[in-house]
Amino acid sequence: MDRFARLLVRYRIGALCVAAALTGLALVGIFHLRFDDGPRRVFRAEDAAYELLESVYRDFGADDNECVVVLEAEDFFRAPIPTALRDLSEACAAVEGVESVLGLPESVLFSGIFPRPLLPSPGADERARERARKQAGESPLVSGHLLSEDGKTAVLFVRLEGNELYVSEVEPRVEALQDAIDRWEERTGLVARLTGIPPVRVEIYKAVREEIVLFLGGGAGLCFLLTLALFRNLRAVVCTCAGPVLGALWTLGFLGLAGVEIDIITTVLPALVVVIGFTDAVHLMVDMRRGRLARAGAEHGGGADEGESVALATSRSAIADLGLPCMLASVTTAIGFGSLTLGSMEIIRGFGLAAVVGVLLTFGAVVVVVPLSASWAGDLGGTLPGTAPSLARWRTRFGRAMDVVTLRPGLVGGGGIVLIATLLVLSGDLEPDNRLTEATPQDNESFVAMLRYEEAFGGVLAGYVLIEWDETVTLGSGRVVEAARAVEEALGNREELSTPFSIVHFLDAAGLEPAALPGLLGILPTDVTARFVRPKLRRALVAVSFPDIASEPVGPLLASLQDELGSLAGEHPGISLHLTGTNVVARENINSMIVDLVKGLAFAVGVILLIISIEFRSWRLGLISLVPNLLPLAAVAAALAVTSQPLQITSSIVFSVLLGIAVDDTIHVLARFRREFALDRDLRGAVRRTFLVVGRALAITTTVLIAGCSVVLFSSMPSSRLFGILLCFGLLVALLGDLVLLPALIALTDPSRRRRAAGEG
């Protein structure tokens, strides 16, 4: 890297002009950024399960377009509440973009085979209202579906027009619905809350839009102030932060120019590349400050070139000494993210590719902008973290600590390996799982309504069993109804689920035999029956709701249902049964996405081992470098398992970030150790000097990053708070691994120590 460093310093004005041009181009690209808020891109996959779900959307309508209005009253049949319910239904139906409304006002009872309205007329007497109340509690179409068993909670299902609606399309409709509900509440004094997938999506994206600006700005500001307090020099802080910030800017600009749409996962990319780039920037700045303090890099093994200033010489030396470690760290991190492009999920492949580009662009920004801007910055300060006496005391105490670690490397290293093994055993039961409420702000009416709906009806997340029959089966033969009853029994035996609903309920409500089903469908409203049966397509649905706030993961429940449906299908020739629905397919595919992230992590670990071993020409160094890198990952995994937290997308991304930072620090440590050991073949002395220099950079980056990430702990979304907690905890563990475990493992490579041990044997 020495030749590259000399060329870069010689043509530094041209290099910074290129950086400025790239920044201008990036600003143009940022104006072309598009936010992809399509609801299904998160779990879209090229597999049979998703294709089946798309066909269900096409034939029966999309379940992720349905809003739920949760109403509460002591008695929905007491005057004037029935009239108020009709008014609310009409007000919701009148909102532009609403396809249909289904609730108590649309419900019917049967007189023979002829349907009549459930709700009593405005002039009905108390006997008629009592009769309607009783019939509603007994009706298979109403009880447990539109009215809770205690009769105090009712729902309106409001389906929005369209198929895959973007938040930009959903938001005005949800706002109009909420306005209609608010006016109705003021007029009637009754309680109604809007929830369901569309309103929750709107709340999530509102929170993301607001918090990403607040937390990025607040986190960056806090990092800046803390870095300033540690460096005690404004010029040094500006130069250090310039590289990572430009890297994030270039990354966003590239995405805009390439036409890559920003999604819910890619939004973390700017913060991710800043975090990874910041570690390299701090290492460079610490090296340059140390070089200036030592008068033109005397401690670096050489002075300035002829006519070269001290500032320029230290910048050149920093690039020459640390350019390769920075590049190795970036390449290994990029390869780790690149492994995600091999996954099955479109959104993960896109994130992996964008992360690769972001990491490499940030490396370029850091290695060029930080040292070159520092060469013009004047005084960067030199004592760290405070005055010279305090620095001397710190060096003495830290040096003694390193001596203790290197005197008993076997004990410390072995203890670290045992600790990692123990943590991995503790995390053995960790399973992937995802919940809508984990990403939902919990300080709004939609979340409160979701809680109430799940309490009263069993869950707000729809699932279906799709019943298909071949030409040998007719709808009126009774075989389809028999299969639907068997499916309902299987679903009804599970306490976690809501009461299932299918064509069986239409027959039971009318008191008819299965053979009468085709005729009954002919007299019922098509917009109701079409949600559950399509005779011409030989398809029917059994609908059920799944819990999202339950303490137990839903994955095992879905697996057992799949097995039971397979057995039931074998008992009904000519009929096939499929478990589907947005909730079902999204859970399965997002869990697969989480597994892909973990697999990518394992691939990255292998790549790190290979690259470090080749670069440092030592398989021993490659192997020992893995141990401190695995420690924070094992600690976070164990923390999740011990606290009964499932493995989610957010926690999976934390693993990738932690590995990138840990590898970066490990490579810088090994590179510095190689330089120090080449100057003096005393291994313990080289370890001591290495950590006296690099240890300060590790402490600075960890302290600053923990402070910056702590801002996320104030998020309204549980997933964001979990991300911040895990990242702060993992960073702290990674620092302990680098400062305690890594020097002990390096000391174990001392050939003189092995010879002494052999001689004593």
Review point. Rg and Dmax of region 62-202 over Cα atoms: what are they, in angstrom?
Key: 15.3, 48
Point to revise | Unit charges on C-beta of K, R, D, E only; dipole of region 453-580, Debye | key: 600
Point to revise | Positive-end residue of Gly459, Gly476, Ser498, charge dipole of region 453-580 with Cβ unit charges | key: Gly476
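Looking only at Cα atoms, what is the convex hull volume of region 453-580 per residue, in Å³?
Working: hull volume 13.5 nm³, N = 128.
Normalising the Cα hull of region 453-580 by residue number yields 105 Å³.
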Exercise for review: Could you pull the Cα extents of region 544-602 along its three principal axes, largest to smallest, in whole Å?
Suggested key: 45, 27, 17
Check your understanding: What number, rounded to the nearest 500 deg cm²/dmol, is the helix-based mean residue ellipticity at 222 nm of the chain, given -39500 (n - 2.57) per DSSP H run of at least four residues and division by all its residues?
Key -> -21500 deg cm²/dmol
Review point. Over the chain, with a single point scatterer placed on each C-alpha, what log10 of the ratio I(q)/I(0) does the Debye formula yield at q = 0.05, 0.06 1/Å?
Key: -0.35, -0.48
Check your understanding: Once the dipole of the chain is set up with Lys and Arg at +1 and Asp and Glu at -1 on Cβ about the Cα centre, which of Ile608, Leu727, Ser560 lies farthest towards its positive end?
Key -> Ile608
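Please rank Cys728, Cys17, Cys326, fewest neighbouring Cβ atoms within 10 Å first, as an exposure proxy. If you can, show how the numbers build up before the last one.
On the way: Cys728 20, Cys17 11, Cys326 27.
Taking fewest neighbouring Cβ atoms as first place, the list is Cys17, Cys728, Cys326.
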Review point. Taking the Cα centre of the chain as the origin, how large is its charge dipole in debye, to the nearest 20, when only Lys and Arg (+1) and Asp and Glu (-1) carry charge on their Cβ atoms?
Key: 4640
Study note, to complete from the structure: Quick calc, Glu74 & Glu571: beta-carbon distance into FRET formula, R0 41 Å, rounding 0.05, result 0.35
Exercise for review: Arrange the following residues from fewest to most other Cβ atoms within 10 Å of their Cβ: Phe114, Phe398, Phe77.
Suggested key: Phe114, Phe398, Phe77
Check your understanding: Cα-based Rg (one decimal) and Dmax (whole number) for region 650-748, in Å?
Key -> 15.8, 54
Check your understanding: Taking the Cα centre of region 73-147 as the origin, how large is its charge dipole in debye, to the nearest 20, when only Lys and Arg (+1) and Asp and Glu (-1) carry charge on their Cβ atoms?
Key -> 360
Practice item. Under 1.5 on a/c is rounded, so check that first for region 21-80, then, if it is not, pick prolate when a/b is larger than b/c and oblate when it is not; a ≥ b ≥ c are the square roots of the alpha carbon gyration tensor eigenvalues. Key: oblate
**Study point:** Ranked Tyr205, Tyr453, criterion: other C-beta atoms within 10 Å, fewest first
**Key:** Tyr205, Tyr453
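Values quoted throughout were computed directly from the atomic coordinates according to the rules given, and no laboratory measurement underlies them. If you're wondering where the values come from, they're calculated on a predicted model, not measured in any experiment. Note: ideal-geometry Cβ built from the backbone for every residue, glycine included; neighbour counts use all protein chains shown.
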